[in-house]
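Structure first, commentary second.
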Amino acid sequence: MLNNYPITWIIMEVMSVILFLVCMIHALKSKRPLQQLFELCCFVLAAGIFEHFGVLTGNYWYSQERFMMFGLLPLSVLLIEAVTMYSAMVLFDYLNMPKWCIIWFVGLLSMVQDMSIDPVYVHDTYEFNGIVQGHWNWKIYYEPTFFGIPFFNFSSWFYMTGLYAGLIAWGRHIYATKKKEWIGTAYPFLSAVCLLIPLIPTALLLVKPIYSNNSTFLFWYELIAMILNFAFGAALIVKHWQKMSPIDCKKDGVVIFAVPAILHLYDIVVGFGFGIRQSYIPVVIFTLLHLGYLYAVYRKSQKTV
């Protein structure tokens, strides 16, 4: 503890800011610097609005013992969600997949990252005012769960990041077609606001259905939904594997490879270093899966060159 703040939580907050600054610098060096920077920053707004919806509807709550807050949310959580989404979007530009695939590609990579993050962050607990708290805390309504996390959480990450990426791709297309600067300024903000239009009904009907109080039904529904999202995204990656263009590692390598690797490294160090047993299996499996895919992408890119 440092001035009553857990060391691991402080490190996570510092890491989130550094990674977000790395992505901001990358955006400013891109071909569309202002647009790409707005895309990154507006996702923080979009994620913040949606996360507040999850908190206010009673699905989970965040510990308030933080330096940086965004309303009821730790700002660090939103920054980590943003860099995860941004990293996947930068990689997508090299894959030459149909534009609509961005929803499932970005959603899948974000979900895999979260399957390593959540088991560590939820079980990295400390006691404040007599209450044991993790980074965030779930109100569980069925068993078994994904190492203490309900399955709808991962589908929520999937659709939040994927649908935002899809709206951004649509905004980019309109901007390139119309060639009006006000569109380039407006579409990231409109994407953040408009994300709630498809996201909230998707969350209520597909991610965590509101039409049943049967915990067994919800367990199977949410588990199957998560598996189908994962499987469809993976199938698209396999189908379009041969279309990938060589990656400019000097320009984009840090964002594509280093950002997710650093997030996984934090999970490994904290999970195993602090003996968070609930995290051992998911951290190992999904770190290997995610980084294994990125390594395969890198190798294929080098062979293409």
Residues of region 69-100 satisfying the condition of being assigned to a strand (DSSP E or B) and over 18 Å from the mean Cα position of the chain (by Cα): MET69
Among (1) more than 20 Å from VAL255 (Cα to Cα); (2) of a type outside the set (A, V, I, L, M, F, W, C); (3) not in a loop (DSSP other than H, G, I, E, B), the one test that ARG66 misses: (3)
Within region 208-263, considering residues that are of a type in the set (Gly, Ala, Ser) and within 17 Å of ASN96 (Cα to Cα), the one modelled with the lowest pLDDT: SER245
So SER116, is it part of a helix (DSSP H, G or I) and farther than 20 Å from LEU196 by Cβ: yes
Identity of the residue in region 233-263, in contact with a Phe, Trp or Tyr (Cβ under 6 Å, 6 or more places away or on another chain) and in a helix (DSSP H, G or I), that ends up farthest from VAL112 (Cα to Cα): LEU236
Region 20-63, residues that are closer than 21 Å to HIS173 by Cβ, part of a helix (DSSP H, G or I) and without any contact (Cβ under 8 Å) to a residue 60 or more places away in the chain: ALA27, PRO33, GLN36, LEU37, LEU40
Odd one out for PRO246, checked against (1) crowded, with 16+ Cβ neighbours inside 10 Å; (2) of a type outside the set (S, T, N, Q); (3) farther than 27 Å from LEU78 by Cβ; (4) in contact with a Ser or Thr (Cβ under 7 Å, 6 or more places away or on another chain): (1)
Those residues of region 68-100 which are of a type in the set (Gly, Ala, Ser) and farther than 18 Å from ILE11 by Cα, in sequence order: GLY71, SER87, ALA88
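The values are calculated or read from the model by the stated rules, or taken from the named source; none is laboratory data. Since we're looking at a predicted model, the values are computed, not measured. Reconstructed Cβ throughout: ideal geometry from the backbone, glycine too, with neighbour counts over all protein chains shown.
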